[in-house]
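The values are calculated or read from the model by the stated rules, or taken from the named source; none is laboratory data. This one's a predicted model, so the numbers in the text were calculated from it and none came from an experiment. Positions of Cβ are generated from backbone atoms using ideal geometry, with glycine treated the same way; all protein chains shown enter the neighbour counts. Note: accessible area is taken over every heavy atom of the protein model, side chains too, but ligands, DNA and RNA are not part of it. Shrake-Rupley method; radii C 1.70, N 1.55, O 1.52, S 1.80 Å.
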Amino acid sequence: MSTIVHASIDENKNIKGGQAGDQTGREVCTRDWYLKNWQYVIRPKSEKVAAKAVSYALAIAMNPNVGYNQAKRNTLYKELKEHVFNVSEIGRCETDCSAFMTVCYIAAGIRGLEYDVNAPTTSTMVKAFRSTGQFKILSSAEYLRIDAKLKPGDVLVQPGHHTVMITEVSAPYKEPSFVLSKGAKGNGVKWIQWQLVRLGFLEWKEVDGEFGKKTHRAVCNFQSAKKLLVDGEVGKDTIAALKK
């Protein structure tokens, strides 16, 4: 299962009013990717910048001094600036979901996101990130309804509600341990289909666990592209290639 990092809610399950710092270990944290009414993916054009943002996001999530509070959402940024973005040295502070995403990309080197008074919100952050010229904005269902085509550093946004960052992408289904071919059903087939979606050989809506004509054709096309035996069967060689 793919993993996200986000600023979620305070120790009292409220959006403000709690104590500074992470009182529960879950105010700013990682968790499994989940389907929400995501409307945009903000994708950095530079993979190096994406990797650096993920590194900062994870370091912040592991620091118990950082908690959730919308009323004090800019104090994390203040602490980081005062300590030259050394996460290990910051004192108790707070953030919220969109301020957290913004800070991580400022720390990763996107100076166009720097601000004086208030970080972008979930309603304004797509515009703010786009204006830097350093991000692509994706809005098609293949990025929003399934995690197969996401990348570490991608920021998912539901304006007015929530935003999260992808830290790792991995199949939510168990890799098959035996040869699968046309007519097969189950999670092993879903694993194959998920990988084919990730690699661009199948559409996201076709992850249904049924090894039918479309999946068979996609497997054959994949095998041909990778110079494997084109037999439409998914054995150890095809599985190995799908994981690359």
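Each other residue within a Cβ distance under 12 Å of Ser139 adds +1 if Lys or Arg and -1 if Asp or Glu, for a net charge of +3. Ignoring aspartates and glutamates fewer than eight residues from Lys16 along the same chain, the ones with Cα atoms less than 12 angstrom from its Cα are Glu27, Glu94, Asp96.
Looking at the chain, do any whole DSSP H helices span at least 15 angstrom along their long axis by alpha carbon and average 0.0 or above on Kyte-Doolittle, and which? Membrane-span-like by this criterion, though nothing is claimed about a membrane: 47-61, 97-107. In this structure the amide hydrogen of Asn65, modeled in the peptide plane, comes within under 5 Å of the amide hydrogens of Asp22, none closer than 5 places in sequence on its chain.
Here the chain exposes an accessible surface that is 47 percent carbon and sulfur, computed with a 1.4 Å probe and the other protein chains kept in place.
Report the one residue of Asn74, Val49, Phe100 whose Cα lies farthest in the direction of the positive end of the charge dipole of segment 6-117 (charges on C-beta: Lys and Arg +1, Asp and Glu -1; origin at the Cα centre). Ranked along the dipole, the leading option is Val49.
When Lys78, Lys244 are compared by accessible area of protein heavy atoms, the largest-first order is Lys244, Lys78, using a 1.4 Å probe. Sum up the charges of everything whose Cβ sits under 9 Å from the Cβ of Trp191, counting Lys and Arg as +1 and Asp and Glu as -1, but leave Trp191 out. Result for the neighbourhood of Trp191: +1. Between Val164 and Leu156, the built amide H atoms are under 5 Å apart, and every one of these is 5 or more places off in sequence or on another chain. Computed over the alpha-carbon atoms, segment 120-244 gives an Rg to Rh ratio of 1.07, Rh here being the Kirkwood radius from the mean inverse distance. For segment 61-204, lysine pairs with C-alpha atoms less than 22 angstrom apart, excluding pairs fewer than eight positions apart on the same chain, total 13.
Summarised as an ellipsoid, the chain has semi-axes of 39, 17, 15 Å, derived from the eigenvalues of the Cα gyration tensor scaled by 5 and square-rooted, with the largest first. When each of the peptides 16-26, 189-199, 88-98 is scored by the mean number of other C-beta atoms lying within 10 Å of its residues, the order from highest to lowest reads 189-199, 88-98, 16-26. A simple charge model with +1 on the Cβ of Lys and Arg, -1 on the Cβ of Asp and Glu and nothing else charged puts the dipole of the chain at about 780 debye relative to its Cα centre.
Spatial offset of segment 164-231 relative to segment 58-87 amounts to 40 Å, using the alpha carbon center of each.
Here segment 126-195 is assigned +1 on the Cβ of each Lys and Arg and -1 on the Cβ of each Asp and Glu. Its dipole about the Cα centre then comes out at about 200 debye.
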